Structures are given as structure tokens and as C-alpha cells.
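The values are calculated or read from the model by the stated rules, or taken from the named source; none is laboratory data. Being a predicted model, the structure only gives us computed values, none of them experimental. Cβ placement follows ideal geometry from the backbone for every residue including glycine, while neighbour counts extend to all protein chains displayed. Side chains are part of the model used for accessible areas, which takes the heavy atoms of the whole protein and leaves out ligands, DNA and RNA. Shrake-Rupley method; radii C 1.70, N 1.55, O 1.52, S 1.80 Å.
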Amino acid sequence: MAECPECSCIIEIENPEVGDIVECSECGIELEIISLDPLILEIAPEEEEDWGE
Amino acid sequence: MEEVSLLKDIIKIYSPSEKEKEVSDYLFNFLKKKGFDVEQDKEWNIISKLGSGPPYILLTSHMDTVTGEIPFRSDGNKIYGRGACDAKSPLAALLSAFIRFKNKKFKGTLIFAGVTGEEAPNSRGTLELMRKIKADFIFLGEPGSVDGITIGYKGRLLLKLIFKGKASHSSSEEENPVLKFIDFSNKISKLYKGDNLFESLSYSPTSIYAQSDSNVMPSECRVTIDFRVPPGLSHQEVLKEIKVLLDGEIELVEGVDGVITSKNNILVKTLVKIIRENGFSPKYKKKTGSSDMNLLVRLTDNIVTYGPGDSSLDHTDMEYIDTDEYLKSIDILEGAISEILGIASL
């Protein structure tokens, strides 16, 4: 279990792996698993819409 | 520096689709002189391999550009010219990263492929490449900036439609084909709307032709429409819906589905890590256009698009590349490929 850095709710994550992106079940924000022991989450890299090719 | 010279040389060679032979010959001779085994196939694709056996890691980008020559010039760190951004700097970055593995020991096969025909409908170079190679992991080179990881492209449905009427007096009650098109347009523009442009079906008529005297209804209205289809919605499904709404004739010019790679895919996670190690903050990108990623995903789901350059300059007369960004992207690609070779060999 880990705390969402955005809304502070506690999130349960099955089979966590460093670098995985998960979604906060409470506020919906995307979070990145930074470490496993302790389980720490940070806001995931931002996402942009772009055009081209 | 050789990596910058390579980039400059290939930008200097104007190579719009169907006229890639000169740049293809250049890369063939460049790799031969360096002692690589290299193949130039019937579509002028350039293919070179290092190592043997699985995993097969494909590094590919296109050698062709859109038409419209831009005079080559270099100003400090900036290099201007057609294709500087789309996609000769991603192509040269992948090739430079590939060359760095020449004297490294690894388990697997690293494949470099410069392909033709990406800027023309139906990507003849990539389709030929897909017939002859295996790939477990694919890095596709397209501009997205040194810190950008492109994880998705929309699909495309390119159609030519003909709305029929009868040449008759413009005051008559006969059906006007232009109005038929407008009616169709109003219906079709409301289909499949998502939360943003990437998740929505976009609808863009790119040519409309109907002509007659000012007091005569035209007998037909010919329209070309470029639909961009979000991943998850098949272009065939959209086509089916269009056929239901259409009162006219239809010709399918191109149809390809969208593609999206999970943020938890090993290639994406690896690029996030290596971009950070190189001092940048990674960003995911979802593009509303399409690319060869839409086709290459048929070989493997382990696919990502990465490359230096500002894609908002694609197809414009302002294309340029910053050499610092270009060189940094080679380091990032080398790091990511090393990591994948290490992980995949475990």
C-alpha cells in the first residue's frame, strides 16, 4: 500500500514494479512507482498531445 | 564530429518519396566503408545487422521526406534543410547509436533499417521490410524531442467520395450533390467524439470539386476526406458506419488502425529511466497523425517512437535540428538499447 501524493488516499497495488504507472483509485491521477521498499509513488511524467508524421 | 557530418550529409541530399535512391546509395556506401554487412533491397531500403539470434531489436526510420526543397544551411548549432526534423535527425541518431554497438559484445541481433516511402500513402519501404525481418523490440525514429516518448498514433482512413445528382436547372427540385455532401458532412462530423482530439475521430475534407454554370446544378460532387481514427476504434468500423450514412460512391485510398503502447511497456519504461539519467524530464506523447508505427506494431507490441526534433516543424519550411539535442538523443538511444539487450538476455 502507498499514499497518493496528490490526494493522500491509500492505494493498494498488486505486483508493483519500479517504473510502472498506476492510476489513483480516488482522484484518477497517474502515478509512477519510484521504489518498492518502501513503496513510494510520484506523479507520472506528463502527457502531451502532438501532431506530425 | 562524424555523427554530425553524417546528419549534414543526408540532409543535403534532397530525397522526397520515390526519389530516395541517392540517399539510399549514400547510406549503403557509408556503412560498407565502415565494414558493416549491408543490404539495399528492391525498394531501396538499407538494412544492416549486428550480432545473431534472439532477441531481435529493430532500429528504423525513413529516408524520404515530403516534397519542397529547403536550402541546406548551418548556423551555429542549428542545421536547416528538408527532413532536418522529419526524419533525418531521428534516422541519423538511430544509425549512429547502431554504429556504437559495432565493437560491443551482446546476445541478440541489432538491425538498422532506413526505409523508403513513409511520406507517401502505403509505406512501401516498411511493408517490404516487414516481409523479411523478425523483431522482438522496435525503436522507430520520428521527431518528438530529446525528452519525448511517443507512445501512440491515430489511425487513418483516406476516402474519395462521389455524390451524384443530375445536371438540371438550379431552380428545380432535383437533388443537388453539393447539398448531399453537406448533409453527409453534418452527420459524419458528430461521430465518435472523445475527451480530446487523440481520442476522437477527426474529420477533414481535403478537396471538394463540383462545377457547372451558375444556374445549373452540378451532376456530381467529388470529395477527398482524411479521417484520423483513435486507437481502439478500427478503421473498418468507421468505414462501415460511413457506408450506412453515405448516399454516394466510395473509394478506399488508405486504411490503417491506430496504435498505442502501454506506459508500462519495457521500452517505454526504459526510455523514461534513460532520459532521466541524461538530465531531462521525460514526457509521453500521443500524436494525432500516423506513422510507420501503425504498421510495425504487427511485428511486436514492444514498440516505441523516439527521436530528436520538434515535430511541429514537420512538413513546414522552417525545419531545423539542434545538434546538441541530436547528439544527446544518440546517447539516450545507446543507453536504452544497452538496457534492453541486458534485460532481454537475462
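Points to keep in mind about this one:
- Solvent-accessible area lost on pairing A with B (1.4 Å probe, both sides summed) amounts to about 1900 Å².
- For region B:268-283, the Karplus equation 6.51 cos²θ - 1.76 cosθ + 1.60, evaluated at θ = phi - 60°, returns couplings of 5, 4, 5, 5, 4, 5, 6, 4, 4, 4, 8, x, 10, 9, x, 9 Hz by residue, with Gly and Pro reported as x.
- Comparing B:266, B:138, B:303 in a Gaussian network model of chain B where C-alpha atoms under 10 Å apart are linked, the largest mean-square fluctuation is found at B:266.
- Basic side chains Lys and Arg get +1 at the Cβ, acidic Asp and Glu get -1 at the Cβ, and with that the dipole of region B:1-46 about its Cα centre reaches some 180 debye.
- Entry comment: accessible area of the protein assembly as shown is 45 Å² per residue, from protein heavy atoms only and a probe of 1.4 Å.
- Placing a label point 7 Å from the Cα of residue B:312 along the Cα-to-Cβ direction, none of the residues of region B:61-81 has a backbone N under 11 Å of that point.
- Kirkwood Rh and Cα Rg combined as Rg over Rh, evaluated for region B:155-256: 1.04
- Computed from Cα atoms, the angle from the helix B:177-188 axis to the main principal axis of chain B rounds to 50 degrees.
- Its Cα gyration tensor gives the protein assembly as shown an equivalent ellipsoid; the semi-axes, largest first and in whole Å, are 40, 30, 18.
- Cα-based helix-to-principal-axis angle, B:89-99 vs chain B, degrees rounded to 10: 30
- Relative to the current alpha-carbon distance between residue B:324 and residue B:132, full extension at 0.36 nm per residue lengthens the span by 65.6 nm.
- Choice from B:174, B:20, B:43 with maximal GNM fluctuation in chain B (Cα, 10 Å cutoff): B:174
- Comparing mean-square fluctuations of A:14, A:42, A:32 from a GNM of chain A with C-alpha springs under 10 Å, the top value falls on A:14.
- Zero-based 10 Å bins, Cα pair distances in region A:2-43, whole percents: 34, 61, 5
- Two-site FRET efficiency, residue A:35 against residue B:301, from Cβ-Cβ distance with R₀ of 22 Å, rounded to 0.05: 0.20
- Zone residues, region B:218-247, relative to residue B:175, backbone N less than 15 Å from point 7 Å out along Cα-to-Cβ: B:218-222, B:243-247
- Bridges between two residues of region B:44-176, per DSSP, are antiparallel at a rate of about 45%.
- With every protein chain in place, region A:2-43: carbon and sulfur % of accessible area (1.4 Å): 42
- Each Lys and Arg contributes +1 and each Asp and Glu -1, all at the Cβ; summed about the Cα centre of chain B, the dipole is approximately 1180 debye.
- Under the combined filter of DSSP loop state and at most 14 neighbouring Cβ atoms within 10 Å, region B:1-74 retains these trypsin sites (Lys or Arg not before Pro): B:34, B:42.
- Rounded to whole Hz, the Karplus (6.51, -1.76, 1.60) HN-Hα couplings of region B:126-140, x for glycine and proline: 5, 4, 5, 4, 5, 6, 10, 10, 9, 8, 9, 9, 10, 9, 9
- Nearest-ten-degree value, helix B:21-33 long axis tilted from longest Cα axis of chain B: 10
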